[in-house]
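Structure first, then comments.
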Amino acid sequence: VRAADYVIIGGGITGAGLAYHLAADGADVVLLDRRGICSGATGATHTQIGMHNRMPGIQLDLAFYTIRILETLGAELDCDLEVNRTGNLMLLEHEAAFGWVEGRRETQRRAGIVSEFIPLAELRRREPWLGPRVIAAVLYPQSIRMNSMRICHAYLKAAAGRGARILATAPATAIRVEGGRVTGVETAEGFISARNVVNAAGAWAAEVGAMAGVSVPIRLNKGHVVVTERVPEVGVKMKGEVILHDEAGSPTGPGGGSSPASEAEVRYGVKFVFTQTDHGNCLIGRSGEEPSDTARRGVDRRAVAAILSRATSFMPWLAGVRCIRTFTGFRPYSPDGLPMLGPSSRVEGFIVAAGHGDKGVGWLCTSKILADHLTGRRPEIPIDPFLFSRMEARSIEQ
Ligand SMILES: Cc1cc2nc3c(=O)[nH]c(=O)nc-3n(C[C@H](O)[C@H](O)[C@H](O)COP(=O)(O)OP(=O)(O)OC[C@H]3O[C@@H](n4cnc5c(N)ncnc54)[C@H](O)[C@@H]3O)c2cc1C
């Protein structure tokens, strides 16, 4: 490969979606990854859009837009993306939390988020898998589970069908900038000249930004998820997340209190999250550690032990299920929690698509928004609040 209109660095869900949309628009696209497609956070997620932790605002707009896209994306890409409107449960442990929960549900309801309070007796009947620690729950029926890796590969297959070239193990090693604009990318397989270079490198976006002399601020949060053997008979597709425990880091937090977390749970930022795939495997999580460093990607047994001890305290039957593997990934947060999309105002032709934090799968619409912006169409959701250049303006102010 010698030249392209766009070189996209990063074969996660963000880069893959962008490759698809740009190629569909007729652009000549090359996408690079260094360790293989989905080797970053996209291959290490719970892969859900949970409505329980959404509040009104532009972040919610992104989630609703993604859900709309997912309704037809499988047919568009001709692939079963394992998209299921499973709903999810927010589990409650103490009556003291009920008032707070009601206030939160009312705010969410006004923004179009549907929820149903499930009292104890009803919960025992409907969800016999939950242990006695849980005394009520809120069901969020709009929540979705999907297969992020399938989506990523399907985007790339469709992009390749429209002429995009995918180099799955060709790290970008340098970005050439001449006279204030990018001219191409050095890769392990040679130089590719391009007038547009997209940084969709997730947790490595700061590193890739530095190659072009552009500062891309990314805060990393390392997560572990444990995968179990198939448990088809459980029949639960998604159970939810216990948010009350950790929300304010204390038992007297906004949720009105919860049982104190163990020292290990606090240290590794453990929350109970449980989802079950179409194939019956359970994904159990999760940890969240900061500060993090991509050089320390390995599994930490103490984090895994804390995840499992918390999980079995909510679902005791899990103690009898075998774990088959654990994966880790890095959530790449921007300073203000919103994705960073669009051209740098300092280096012409250098475009950023990063900073999706813990919601990048549920914000897959951002690749469509960015592609529309780059190709001169009006994005369905205005890109302005997400423009990467806001970060550059901010660093001048400082
Ligand atoms: C434990 C965990 C659970 C999560 N759960 C959810 C969830 O339930 N729902 C949700 O919406 N989100 C979730 N997330 C967040 C979500 O996974 C991320 O926001 C999303 O995957 C980011 O996608 P991305 O394409 O921007 O980055 P990534 O998927 O990280 O892709 C970046 C790619 O860039 C490549 N790269 C880096 N440097 C170079 C280079 N020099 N040359 C070439 N390639 C390079 C990497 O190899 C990588 O493949 C979770 C994350 C974690 C860690």
Among (1) modelled with pLDDT under 90; (2) over 20 Å from Glu127 (Cα atoms); (3) surrounded by 24 or more Cβ atoms within 10 Å (Cβ to Cβ), the one test that Phe272 misses: (2)
Test set (1) in contact (Cβ under 8 Å) with a residue 60 or more places away in the chain; (2) within 13 Å of Lys359 (Cα to Cα); (3) aliphatic (A, V, I, L, M) - Leu60 fails condition number: (1)
Segment 31-46: number of residues that are of a type in the set (Val, Ile, Thr) and either buried (at least 24 other Cβ atoms within 10 Å of the Cβ) or without any contact (Cβ under 8 Å) to a residue 60 or more places away in the chain (or both): 2
Subset tally (residues that are farther than 18 Å from His46 by Cα and either assigned to a helix (DSSP H, G or I) or open to solvent by 40 Å² or more (accessible area, probe 1.4 Å) (or both)) for segment 280-297: 5
Leading residue by the ranking (nearest to the chain's Cα centre (by Cα)) among those in segment 297-350 that are under 26 Å from Arg35 (Cβ atoms) and among the hydroxyl-bearing types (Ser, Thr, Tyr): Tyr333
Qualifying residue in segment 34-49 (condition: assigned to a strand (DSSP E or B) and under 19 Å from Ala188 (Cα atoms)): no
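Of Thr14, Thr47, which residue is near the ligand (Cβ under 7 Å from one of its atoms), touching a Lys or Arg at 6+ places or on another chain (Cβ under 9 Å), of a type in the set (S, T, N, Q) and within 22 Å of Ser292 (Cα to Cα)?
The unique qualifying residue is Thr47.
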Qualifying residue in segment 246-261 (condition: open to solvent by 60 Å² or more (accessible area, probe 1.4 Å), modelled with pLDDT under 85 and under 30 Å from Val83 (Cα atoms)): yes
Residues satisfying the stated conditions in segment 133-175, i.e. buried (at least 23 other Cβ atoms within 10 Å of the Cβ), under 16 Å from Gly40 (Cα atoms) and among the β-branched types (Val, Ile, Thr): Ile151
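Among the residues of segment 66-96 satisfying the criterion of being of a type in the set (Val, Ile, Thr), part of a helix (DSSP H, G or I) and in contact (Cβ under 8 Å) with a residue 40 or more places away in the chain, which is most open to solvent (accessible area, probe 1.4 Å)? Show your work before the answer.
Initially, segment 66-96 is screened for residues of a type in the set (Val, Ile, Thr), giving 66-67, 69, 72, 83, 86.
Applying the additional criterion that residues be part of a helix (DSSP H, G or I) yields 66-67, 69, 72.
Those left that are additionally in contact (Cβ under 8 Å) with a residue 40 or more places away in the chain: 66-67, 69.
Values: Thr66: 0, Ile67: 10, Ile69: 31 Å².
Only one residue tops the list, namely Ile69.
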Given (1) modelled with pLDDT of 90 or more; (2) more than 16 Å from the ligand (Cβ to nearest atom); (3) of a type outside the set (Phe, Trp, Tyr); (4) closer than 27 Å to Leu81 by Cβ, index of the condition Ile284 fails: (2)
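The values are calculated or read from the model by the stated rules, or taken from the named source; none is laboratory data. The structure presented is a predicted model; accordingly, all values stated were derived computationally and were not measured. All Cβ positions, even for glycine, are placed from backbone atoms using ideal geometry, and neighbour counts span all protein chains on display. Remember, those area values only see protein heavy atoms, side chains included, never the ligands or the DNA or RNA. Shrake-Rupley method; radii C 1.70, N 1.55, O 1.52, S 1.80 Å.
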